[in-house]
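Reading through the structure tokens given below for one structure.
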Amino acid sequence: MTDANTEVRQLILDSAAKIFTDHCDKPLLDAAEQGQFPGGLWQLVADNGFDQLGTAGSGTSAGDMYAFIQLCGEHAVPLPIAETLIVNSWAPGQGIASFGELSGDVIKGVAWGREAARVVGLARDSLEVTVVETPEVVEQGVSLAGEPRDTVSAAGGATITLSADPYAQAALTRICLMAGGLQTVLDLGLQFAAERIQFGRAISKFQAIQHSLAVVAAEVAAAKRAAYSAVDALDDNRFVFEVAASKARVGEAVGIVAEQVHQIHGAMGFTHEHRLHHYSRRIWSWRDEWGNEFYWQSLLGQHLAQLGADQAWPFIATRG
Amino acid sequence: MLQFDRVNLDAQTEKLRAEVRAFLADNKAHLTQPNSDFVTGHDPAFSQKLGERGWIGMTWPKEYGGGERSFFERYVVTEEILAAGAPVSAHWIADRQSGPLLLRYGTHAQRQTYLPQIAGGQAFFSIGMSEPDTGSDLASVRTTAIREGDAYRVNGTKIWTTDAHRNHFIICLVRTEAAAENRHAGLSQIIIDLKNDGAQIRPIANMAGGEDFNEVVFEDVVIPADRVVGEPGNGWEQVTSELAYERSGPERFLSSFRVFVELIRACGDDPAPHQAAAIGRIAAHIMTMRRMSISVAGMLEQDKDVGVEAALVKELGNNFEKVLPEIARLAAPERGAVQAFRKTFEETLLLSPSFTLRGGTREILRGVIARGLGLR
């Protein structure tokens, strides 16, 4: 990436971070988790062109788009923005879009399907996807993080064929969201440990807490590096396997990080009033969406088994 | 500190990788017992061959027998020979930390004397840090070196000294002045010839059946004053910087790699779902840590301080080196062609307690990371 590109990306991320810091606050998250679509926040995102990142003519790259999705994870942005961006990269368009898993004549697990003007149904092991305009909502549902996950009708959908595995692309959005969410959970843990006084001193001064946060930091660092690997493989024939390694690794980090940082927060982090759960519940739910660790581990392991034991190292020892 | 930048290895580095693979294929006779644990195989002939290839002291100045190559090139050579399970113990410490230590702090004469021999795969070094009463609390060392004219008289005991009975030299952390209020003052590093200076060396059997580490006793051993590394009294700073070299390399996550290879072989080309998942899980971890380790090589290339990042890679890597055999044992088939798996698994499991001890215990590393996070 050239310096000019780096600057553009930083500009996008800085202005988006400002918007999210100012507007994506606890009351907004609470309302969204009660099913109220944050239309004002969506408008800000669209007005700034963040829903078109990575599309032709936007002057931005797919890498910028995934960096932005990671930032959305950091702020627990309760919008189908990752979904809209991916759908726009497959079939350019305007407005709210989303995707879900094609299952017979319905599309399941559609983020904010009730608000979407377009929904794409995709399936494992298929490059063909079904695009449905203004789909009928069959059933409303939510994830364990309170994020709407609806079932919509696939009737009247048009089939298009993509060049990169759609299921892996869907998984990559969750990888980036988790990488962002993990960073925030670590930050909350560091902040709480520095502020909470027990036995006459900040609990961050206790070795047990320091070691716990060191473990969390190592997991977060690994998760972020793993996320970059999958993004970097977008145009590569290893894309699906890099996503597999990445989602498996990041998903493993989630369990450890959420558990440790909740422990550090004590009872306060268990309350609805504290904001930690907006992030911990999201990363817990994202690790199960679009293939959990077992699914992706198996896919990667199957590939390595077919390559054979003595090809395992050449497979791992990549240039990038 | 949580930023591990992406690196793309260049064509020249990849060409070198191909050369290393060809070399390993030509030297299968040295891979008698493939084991990617870096302290297990001591094979001076193999080390000398690597030296002849220019694969020891790769980043050092040519003036001292080095290759003036990049940290990425060094990284690629080390990961290839470890992944193949080659015997690297003889030259490992000299290449990784004694040489860089002498390069940074040693006198011109010391560099001229030792570095070309190290780079040639002919001089092997051990680390003289731990003592019977000094483990993680390194500043508590009691071995003394008292100045007498042009020499130092050394008295004390070093322990857990890997390959002291096989190697040529040891660089010892010693007290050259009595302990004062500042515990880090008055420490020095001194080079002792293990073959000729009168050190008493007693191998200590480990629980894996090997005799790799030793107790090394110095009783009135007299060492010329010009063997002090750097300035007398500067030992603490030197030893701390030496430990940073020690922590980020591929040997910190590849020690049990051969168990993974044999697991894949034992499971065959149509593994059961739980076997495929175990293989994929291990691969996902190694792929990630490897990229983090290469990021640290990039930081070394830019002459950045890598203390915290190296500790972080070592923390992840050493823990996973112990988890890998645990995952593998439950996934490996119980019958069939599993002899090679069992042998490698058992050998690695028995070595595994050392993985989170050597080079700084897990507890010390977590402290280093916590300091990097601003917690202490």
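Each reported figure results from applying straightforward, stated rules to the coordinates on display, with no laboratory input. The structure displayed is predicted, hence computed values, not measured ones. Heads up, the Cβs are rebuilt from the backbone with ideal geometry, glycines too, and the neighbour counts pull from every protein chain shown.
In the elastic network of chain B, a GNM with C-alpha springs shorter than 10 Å, the most mobile of B:Asn27, B:Asn182, B:Asn234 is B:Asn182. Which lysines have a Cα less than 16 Å from the Cα of B:Lys158, not counting those fewer than 8 places away in the same chain? Qualifying lysines at Cα under 16 Å: B:Lys195. Tell me what chain B gives for mean residue ellipticity at 222 nm when only DSSP H runs of n ≥ 4 count, each as -39,500 (n - 2.57), the sum divided by the residue total, rounded to 500 deg cm²/dmol. Dividing the helical sum by the residues of chain B leaves -14000 deg cm²/dmol. Do the alpha carbons of any pairs in A:Lys224/A:Lys247; A:Lys18/B:Lys304; B:Lys62/B:Lys314 sit beyond 21 Å of each other, and which pairs? Long pairs (Cα-Cα over 21 Å): A:Lys18/B:Lys304; B:Lys62/B:Lys314.
So what does log10 I(q)/I(0) come out to for the stretch B:1-92 at q = 0.15, 0.22, 0.23 Å⁻¹, using the Debye formula with one equal point on every Cα and no solvent? With one equal scatterer per Cα and no solvent, log10 I(q)/I(0) is -0.60, -1.13, -1.20. Taken along the Cα-to-beta-carbon direction at a fixed 7 Å, the label points for B:Ala272 and B:Glu63 span 6.3 nm.
To the nearest Å, what is the center-to-center distance of the stretch B:220-276 and the stretch A:244-308, using C-alpha atoms only? The distance from the Cα centre of the stretch B:220-276 to that of the stretch A:244-308 comes to 29 Å. By the scheme Lys and Arg +1, Asp and Glu -1, what is the net charge of all other residues having a beta-carbon under 9 Å from that of B:Gln97? Net charge in that neighbourhood comes out at -2. Going from the residue with the fewest nearby Cβ atoms within 10 Å to the one with the most, A:Met65, A:Met268 rank A:Met268, A:Met65.
Exposure proxy shown here: for A:Cys72, A:Cys24, the number of other Cβ atoms within 10 Å sets the order, fewest to most, as A:Cys24, A:Cys72.
Model label sites at B:Glu334 and B:Arg142, defined 7 Å from Cα along the beta-carbon direction, differ in position by 5.2 nm.
Taking the DSSP beta bridges with both ends in chain B, the antiparallel portion is around 80 percent.
Pairs of C-alpha atoms in chain B farther apart than 27 Å represent 49 percent of all such pairs. Charge tally around A:Phe206: other residues with Cβ under 11 Å, Lys/Arg +1 each, Asp/Glu -1 each, net +4. Simple rule: put +1 on each Lys or Arg Cβ and -1 on each Asp or Glu Cβ in the stretch B:251-376, find the dipole, and look at B:Val323, B:Thr348, B:Leu373; the Cα lying farthest toward the positive end is B:Leu373.
Could you grab the relative contact order for chain A? Cα pairs under 8 Å, six or more apart, rounded to a whole percent. Rounded, it is 14 percent for chain A. Of the trypsin sites (Lys or Arg not before Pro) found in the stretch B:140-213, the ones in coil according to DSSP and having at most 14 other Cβ atoms within 10 Å of their Cβ are B:Arg142, B:Arg183, B:Lys195. Here the stretch B:11-123 is treated with +1 on each Lys and Arg Cβ and -1 on each Asp and Glu Cβ, and its dipole about the Cα centre works out to around 160 debye. Mind checking the angle between helix B:339-351 and chain B's longest principal axis? C-alpha axes, 0 to 90 degrees, to the nearest 10. Once rounded, one gets 30 degrees.
The charge dipole of chain A, taken about its Cα centre with unit charges on the Cβ of Lys, Arg, Asp and Glu (plus for the first two, minus for the last two), comes to roughly 860 debye.
Over all other residues within a Cβ to Cβ distance under 12 Å of B:Met299, the charged ones net out to -4, with Lys and Arg as +1 and Asp and Glu as -1. In this Cβ point-charge picture (+1 for Lys and Arg, -1 for Asp and Glu), the stretch A:1-79 has a dipole of about 80 debye about its Cα centre. Decide, for the stretch B:127-234, between rounded, prolate and oblate: order the square roots of the alpha carbon gyration tensor eigenvalues as a ≥ b ≥ c, take rounded if a/c falls under 1.5, and otherwise choose prolate if a/b is larger than b/c, else oblate. Oblate, since a/c reaches 1.5 and b/c is not below a/b.
Since only A:Leu172, A:Ala158, B:Leu187 are under comparison, the one whose Cα sits farthest along the positive direction of the charge dipole of the protein assembly as shown, derived from C-beta charges on Lys, Arg, Asp and Glu, is B:Leu187. List the residues of the stretch B:124-153 whose backbone N lies under 18 Å from a point placed 7 Å from the Cα of B:Val222 along the Cα-to-Cβ direction. In the stretch B:124-153, the label zone of B:Val222 (backbone N under 18 Å from the point 7 Å along Cα→Cβ) covers B:144-153.
When the protein assembly as shown is described by a simple charge dipole with +1 on each Lys and Arg Cβ and -1 on each Asp and Glu Cβ, the residue from A:Val119, A:Trp290, B:Tyr245 located farthest towards its positive end is B:Tyr245.
The longest part of chain A holding none of the exposed loop chymotrypsin sites (Phe, Trp or Tyr not before Pro), meaning those outside H, G, I, E and B in DSSP with at most 15 other Cβ atoms within 10 Å, is A:1-198.
When you filter the trypsin sites (Lys or Arg not before Pro) in the stretch A:245-320 for DSSP loop state and at most 14 other Cβ atoms inside 10 Å of their Cβ, you are left with A:Arg319.
In plain terms, the residue of A:His303, A:His75 with the fewest other Cβ atoms within 10 Å comes first and the most crowded comes last, giving A:His303, A:His75. For chain A, the square roots of the Cα gyration tensor eigenvalues, ordered a ≥ b ≥ c, give a/c of at least 1.5 with a/b no greater than b/c, which places it in the oblate category. Looking at the stretch A:92-138, none of the GluC sites (Glu not before Pro) sits in a DSSP loop with at most 11 other Cβ atoms within 10 Å of its own Cβ.
Rounded to the nearest 5, the antiparallel percentage of DSSP beta bridges internal to the protein assembly as shown is 80%.
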